[in-house]
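Peer 1: Pasting in a structure now, in structure tokens, and then I'll have a few things to ask.
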Amino acid sequence: MLRYRAPPLLALGMVSPLLTSSSSSSSSSFSSNPNLITFNPSFLVLKPSPTLPSLLSSFHQKPTRSMTHSKCFSGPSPAVPIPTACEAQEVDSVSLVVVSFYKFADFPDHAEFRSPLKKLCQELRVSGGIILAPEGINGSICGSRESVQRVLGFIESDERLKGLRQVETPVSPEEEAIHHGHSSGSPLAAGEDAPFRWDHVRVKLKKEIVTLGMPDVSPVERAGQYVKPRDWNALISDPDTVVIDVRNHYETRIGKFKRAVDPCTPAFRDFPFWVEDKFQLPKSDCEHSNEEVEGKTVNPEQNSPPRVAMYCTGGIRCEKASSYLLSKGFKEVYHLEGGILKYLEEVPKTESLWEGECFVFDKRVSVEHGLEQGTFKLCYGCKQPVSDADMESPQWEYGVSCPHCYSTKSEEEKERARARQRQFETWGIIGGPDKGRRPKQSDKNATLPNSI
């Protein structure tokens, strides 16, 4: 059986206790060891918590597939004709919006959608990035509100993609300048959930819209129950609920919910290995947590906790992770609708169970309650968030390294990073002033191939 082991440094620095001191006296099924999840006989009986009768009854209703946000576009937008070049030029004087969206769907002919979608974005001057895969669509785009709505309307003109889950986020002055081509800034994507930049549009074809490494796991066929942000506190405060942060270690390091289990995974594709290790193979004590258990078959119905609540940044990873857990025999699987971002937008800070800041895959780097920009910056050497204290470290070198990646990089890698940084500082683009430009055509009548 494949097994994932967090590096020692991560295990020591990233894992936090599963339960707070206030809950340690309650009837709990967890070991005090933060790196191990154990189970007691009370988990063998699936009983709803008496503290959540009305809430749990609502959880078992069929989940809705649309999401209403105060800062979102609700409902499909009508498809409209592509505007002329003159009309497209007018967007420079219009305020911009950034909208992230996704939809899991049975989409085997996704490749045919790529060319017309990219052409529409280019003509409307909508920038950002979009992923198309057999399991659906995932993207984040920037443009005028009207242009973005037209692109979303075109996407939802396909019946399979109706009901996009959408979240609108603020546009910083820097992002706006980059979108209009007035900045030498070169934002770097950070993680598998943000494969895009803001100065042009990219439409990519992939095997999955969010990489779990298991294309057969399909939220279209089954997924967990969504929980509204206003109901989330009650669910995760119940001692019989296992709260799991589905994000990566560089995200959980700067903030998470109280009582949340941190898998310390470097990438989402490692989540299944962590589940196999921690939930399906029960351990009797801490000493056995690193030992292989062979020749045993484990019944997930007997060893999985009666209730799992998961969360991530915007909801897409949880939706797929919930499908995976259900396929492994878990019965009660819930996930936060709209993710952390929607929770921070809707739940007042005085009532919040969130601690720290939320890492985001754009130039803001992190956000706090009310989606206000946070205090973290980005290390362009490893694309991890860094604090002011990190930048005081002798291991911090702008564009090259930070305390979180310094020891993992060879001197050769650091020298290459310094060379890239010099190119960027000199020309405003990595690779030199002619990077990415097509050679001039000797024949004036020669035509360039269509760019896909």
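The values are calculated or read from the model by the stated rules, or taken from the named source; none is laboratory data. None of the values given here were measured: they were computed from a predicted structure. A quick note on method: Cβ atoms are made from the backbone with ideal geometry, for glycine too, and the neighbour counts reach across all protein chains shown. Note: accessible area is taken over every heavy atom of the protein model, side chains too, but ligands, DNA and RNA are not part of it. Shrake-Rupley method; radii C 1.70, N 1.55, O 1.52, S 1.80 Å.
Peer 1: Name every residue in the range 374-405 that is open to solvent by 40 Å² or more (accessible area, probe 1.4 Å), aromatic (Phe, Trp, Tyr) and either under 19 Å from Asn248 (Cα atoms) or assigned to a strand (DSSP E or B) (or both), in order of residue number.
Peer 2: Tyr380
Peer 1: Continuing with the same structure: Can Asp270 be described as assigned to a helix (DSSP H, G or I), within 19 Å of the chain's Cα centre (by Cα) and of a type outside the set (Val, Ile, Thr)?
Peer 2: In short, yes.
Peer 1: Step by step: first the residues of the range 147-159, then only those that are part of a helix (DSSP H, G or I) and surrounded by fewer than 17 Cβ atoms within 10 Å (Cβ to Cβ), then the one that is farthest from the chain's Cα centre (by Cα). Which residue is that?
Peer 2: Glu159
Peer 1: Please verify whether the range 240-256 includes one or more residues that are more than 30 Å from Pro116 (Cβ to Cβ), modelled with pLDDT of 95 or more, crowded, with 22+ Cβ neighbours inside 10 Å and small (Gly, Ala, Ser).
Peer 2: Yes: the range 240-256 contains one or more residues that are more than 30 Å from Pro116 (Cβ to Cβ), modelled with pLDDT of 95 or more, crowded, with 22+ Cβ neighbours inside 10 Å and small (Gly, Ala, Ser).
Peer 1: Would you say Arg416 is surrounded by fewer than 15 Cβ atoms within 10 Å (Cβ to Cβ), over 24 Å from the mean Cα position of the chain (by Cα) and over 20 Å from Lys256 (Cα atoms)?
Peer 2: yes
Peer 1: Taking the stated definitions as given, is Gly295 on the phi > 0 side of the Ramachandran plot and at pLDDT 90 or above?
Peer 2: Here the answer is no, as Gly295 does not meet what is asked.
Peer 1: Just to verify a result, which residue in the range 312-334, among those that are open to solvent by 10 Å² or more (accessible area, probe 1.4 Å) and of a type in the set (Gly, Ala, Ser), is farthest from the chain's Cα centre (by Cα)?
Peer 2: Among those that are open to solvent by 10 Å² or more (accessible area, probe 1.4 Å) and of a type in the set (Gly, Ala, Ser), it is Gly329.
Peer 1: Shifting gears a bit: For the range 363-373, give me each residue that is touching a residue at least 60 places away in the same chain (Cβ under 8 Å) and open to solvent by less than 60 Å² (accessible area, probe 1.4 Å).
Peer 2: Scanning the range 363-373 gives Lys363, Arg364, Ser366, Leu371.
Peer 1: Look through the range 350-362, keep the residues that are modelled with pLDDT of 95 or more and not in a strand (DSSP E or B), and return whichever of them is surrounded by the most Cβ atoms within 10 Å (Cβ to Cβ).
Peer 2: If we take residues in the range 350-362 being modelled with pLDDT of 95 or more and not in a strand (DSSP E or B), then Glu357 is surrounded by the most Cβ atoms within 10 Å (Cβ to Cβ).
Peer 1: Okay, moving on. Only one of (1) over 28 Å from Arg230 (Cβ atoms); (2) open to solvent by 10 Å² or more (accessible area, probe 1.4 Å); (3) at pLDDT 85 or above is not met by Cys286, so which one is it?
Peer 2: Here Cys286 clears every test but (3).
Peer 1: Just one of Tyr311, Tyr334 is modelled with pLDDT of 95 or more and in contact with a Gly (Cβ under 6 Å, 6 or more places away or on another chain); which is it?
Peer 2: Tyr334
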